[in-house]
Amino acid sequence: MAWQKHLAPRGLFWRSLLIMLIPLVLLQCVMAYIFYERHWDTVSRRLALGIAGDVVYVMHELQQEQSILARKWILDAAKREMQIDINMENGAILPNDAPRLSSRIIDRVLHAAMAERMNFPFHIDTRRPDGKLSIRIQLPNEVMNVLTPRKRLDSSTTYIFVLWMVGTSLIVAALAILFLRNQIRPIRRLVHAADAFGKGQDALSFKPSGAREIRQAASAFIKMRARIRRHIDQRTEMLAGVSHDLRTPLTRMKLQLAMLEDKEKGSSEIKEIIGDIAEMEHMIDEYLSFARGQEGEAPVIADLSEMLQAVIEGYKNNGVNISFLKTSPILIPVRPQAMKRCLINLIENASHFGTEVRIKAKLGDVVAEIIIEDNGPGVSDNQKEEIFKPFYQVNTARSPNTGGAGLGLAIARDVARGHGGEIRMSDSDMGGLKAELKIPI
Ligand SMILES: Nc1ncnc2c1ncn2[C@@H]1O[C@H](COP(=O)(O)OP(=O)(O)OP(=O)(O)O)[C@@H](O)[C@H]1O
Ligand SMILES: [Mg+2]
């Protein structure tokens, strides 16, 4: 149910703890209820009746004896055997006051017990400063003052019971917290390792531990991580090999052309071939950096704002107007080469398609955000995701081929995700494309 979802704590720790403690507390409440309702009620009633019975008994005895000696003997016996301290006030009249009872239930029980056993008017005071219970009874021509210690009315089991209840609950709760903590820790470690791997920091060593299911999940994760690493390594090796092999004949061709150039200076065919070769080199570089990914580069704390500034410098003389307001330093952990590649690819696209490029950077609470917008033709909505695919290019009259390989955005997104971030495309109010790069800090 919706409200349950709302109320239930999100973390496994608190959930498990509640699952353990709620039944415990419920059980104790039921037990306490039964105890008070049955046991305590009976016990306190008996105690009260005990006092009332003693008092009434002594009173009857006194009323039957007229000799002073015998009466004294009765009073002494009452004091000795029943802890009932009595003195008689001859000729006194009991004022018609309301009983002075403390807020404890037992006091009212005592009052009720007295009323049940006693035919004479009486007054009970349980709020005496010396802690004793005072019962005064109006007899035909005297007042009988009774004092008895409060402990005759108290049943110690009440306190012991409550103490045990609270004590055992506390012990159980402490044990539960202790054990649960240990159960949750391996899950946290697994989360941490998976998170780190997602961000590309896979040097983290991690051993499965904890309950069987958690260990199974952890070793499944470790196997998956190894498989992914192997896959990436194979891809890297293959593409690096191919690109490297292509580079050798390409370099040879460049050399031969350079020698030719001396003889036929300025020939347009040769210029075209040189241009093509430069383009091929650029593509091979991209293949290589795509294949390499961010392998082998360690994250360092760098200033994104500084980095942007440096990249923009390289595009100053292209006839493109790039505006960038340098902000206060955005210091976050990045792989500098890879992040630079990512920024270059985004800015390269923007300055290729537009004449006006606007770049903004800001540091939020949880993410650093870089926005790169241009006034070019933009990209239709259904292609905003497509253009991230490797080798995908739009190729229309409005956005002609860039001459690249179509890997720029694939690499950029790879880098962003390798930092735990993401790149999203939308429409810029400058008319072209707006790329938003977000990196968590
Ligand atoms: N700012 C932009 N404005 C309009 N279209 C864009 C923009 N950026 C990218 N595109 C489209 O997305 C395609 C893919 O871009 P991507 O950067 O991946 O490859 P590329 O620029 O063609 O080649 P490479 O970057 O590998 O040299 C581009 O070919 C282009 O059609
Ligand atoms: Mg590009």
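Round to a whole angstrom and tell me the spacing of the C-alpha centers of segment 365-441 and segment 204-273.
A separation of 22 Å, based on Cα centres.
Across segment 418-424, in residue order, what do the Karplus-derived ³J(HN,Hα) couplings come to in whole Hz, using 6.51 cos²θ - 1.76 cosθ + 1.60 with θ = phi - 60° and x for Gly and Pro?
In residue order, the calculated couplings are x, 9, x, x, 7, 10, 10 Hz.
Just for the Cα atoms in the chain, what are the lengths along the principal axes, largest first, rounded to whole Å?
156, 46, 36
State the extension gain, in nm to one decimal, for the chain segment bounded by K389 and A298, taking 0.36 nm per residue of separation less the distance between their alpha-carbons. Numbers along the way, then the final one.
Values: separation 91, 0.36 × 91 = 32.76 nm, distance 2.60 nm.
Stretched out fully, the K389 to A298 stretch lengthens by 30.2 nm.
Before anything else, pin down the relative contact order of the chain: Cα pairs under 8 Å, at least 6 apart, normalised by residue count, whole percent.
Relative CO of the chain lands at 10 percent.
Which is the longest part of the chain that has none of the GluC sites (Glu not before Pro) sitting in a DSSP loop with at most 16 other Cβ atoms within 10 Å?
Numbers: sites that count: E65, E264, E295, E297, E385.
With GluC sites (Glu not before Pro) excluded where exposed in loops, the chain gives 66-263 as its longest stretch.
Once amide H atoms are built 1.01 Å from N in the peptide plane, which residues 5 or more positions from A368, or in another chain, come under 5 Å H to H?
So A368 has HN proximity to I439, I441.
Skipping prolines and chain starts, which residues have an amide H placed within reach, meaning under 5 Å, of the one on E356, given they are 5 or more residues away or on another chain?
Counting only residues 5 or more places away or on other chains, the set is N321, N375.
What list of ³J(HN,Hα) values in whole Hz, one per residue of segment 389-397 in order, does the Karplus curve 6.51 cos²θ - 1.76 cosθ + 1.60 (θ = phi - 60°) give from phi, with Gly and Pro shown as x?
Here the 3J(HN,Hα) series is 6, x, 6, 7, 9, 6, 6, 10, 5 Hz.
How many nm separate the modelled label positions at K360 and R417, each set 7 Å beyond the Cα in the direction of the Cβ?
2.7 nm
Can you give the FRET efficiency for L288 and I105, using 1/(1 + (r/R0)^6), R0 = 51 Å, r = Cβ-Cβ distance, to the nearest 0.05? Could you put the intermediate results ahead of the total?
Values: r = 86 Å, r/R0 = 1.69.
Given R0 = 51 Å and the Cβ-Cβ separation, E is 0.05.
What order do you get for D195, D303 when you list them from fewest to most C-beta neighbours inside 10 Å?
Working: D195 12, D303 16.
With the sparsest Cβ surroundings first, the list reads D195, D303.
Mind giving me the FRET efficiency for A112 and L178? R0 is 56 Å, r the Cβ-Cβ distance, nearest 0.05 is fine.
It comes to 0.70.
Assuming 1.306 mPa s and 10 °C, estimate D for segment 10-154 with Stokes-Einstein, Rh taken as the Kirkwood radius over Cα pairs, in µm²/s.
On the way: Rh = 17.6 Å.
Answer from the Stokes-Einstein relation: 90 µm²/s.
What's the angle, to the nearest 10 degrees (0 to 90), between helix 304-313's Cα axis and the longest principal axis of the chain?
Once rounded, one gets 10 degrees.
If neighbour count is taken as other Cβ atoms inside 10 Å, put L163, L304 in order from fewest to most.
Working: L163 10, L304 23.
In increasing order of surrounding Cβ atoms, one gets L163, L304.
When only Cα pairs under 8 Å and 6 or more residues apart are kept, what is the percent relative contact order across segment 10-154? Intermediate values should be presented prior to the final figure.
Numbers: 159 pairs, mean separation 36.6, N = 145.
The normalised contact order for segment 10-154 reaches 25 percent.
What is the Cα coordinate range of segment 91-218 on the first, second and third principal axes, sorted by size from largest, in whole angstrom?
99, 24, 23
To the nearest 0.05, how large is the calculated FRET efficiency for L26 and D195 if R₀ is 51 Å and r is the Cβ-Cβ distance? Display every interim value, and only then the final one.
Details: r = 38 Å, r/R0 = 0.74.
Efficiency computed from Cβ-Cβ geometry: 0.85.
On a C-alpha basis, how far is the centre of segment 111-145 from the centre of segment 305-327 in Å? Whole number, if you could?
About 98 Å separates the Cα centre of segment 111-145 from the one of segment 305-327.
Tell me which trypsin sites (Lys or Arg not before Pro) from segment 1-54 have a DSSP coil assignment and no more than 16 other beta carbons within 10 Å of their own. Write down the numbers at each step before the final one.
Values: sites: K5, R10, R15, R38, R45, R46; in loops: R10.
Qualifying residues, ordered by number: R10.
If segment 212-290 were replaced by its equivalent ellipsoid, with semi-axes equal to the square roots of 5 times the Cα gyration tensor eigenvalues, what would those be, largest first, whole Å?
Details: eigenvalues 461, 20, 5 Å².
They are 48, 10, 5 Å, listed from largest to smallest.
Provide the per-residue ³J(HN,Hα) series for segment 432-441, in order, calculated from phi with Karplus coefficients 6.51, -1.76, 1.60 and θ = phi - 60°, each as a whole number of Hz, with x at glycine and proline positions.
Residue by residue, segment 432-441 yields x, 9, 10, 9, 10, 10, 10, 10, x, 9 Hz.
Quick one: length gained pulling R227 to D381 fully straight, 0.36 nm per residue minus the C-alpha distance? Present the calculation step by step, with values, prior to reporting the outcome.
Working: separation 154, 0.36 × 154 = 55.44 nm, distance 3.53 nm.
Taking R227 through D381 to full extension adds about 51.9 nm, to one decimal.
Compute the projected area of the convex hull of the Cα atoms of segment 297-440, averaged over all viewing directions, and report it in nm² to one decimal place. It would help to have the intermediate numbers written out before the result.
Numbers: hull surface 32.7 nm².
That works out to 8.2 nm².
What is the angle, in °, between the Cα long axis of helix 41-64 and the longest principal axis of the Cα atoms in the chain? Nearest 10 is fine, range 0 to 90.
Relative to the chain, helix 41-64 is tipped by roughly 20 degrees.
Please go through segment 369-437 and write out the chymotrypsin sites (Phe, Trp or Tyr not before Pro) that DSSP classes as loop and that have at most 15 other C-beta atoms within 10 Å.
F391, Y392
Only the coordinates and a few stated rules stand behind these numbers; no lab work does. Nothing here was measured: the structure is a model prediction, and the numbers come from that model. Note: ideal-geometry Cβ built from the backbone for every residue, glycine included; neighbour counts use all protein chains shown.
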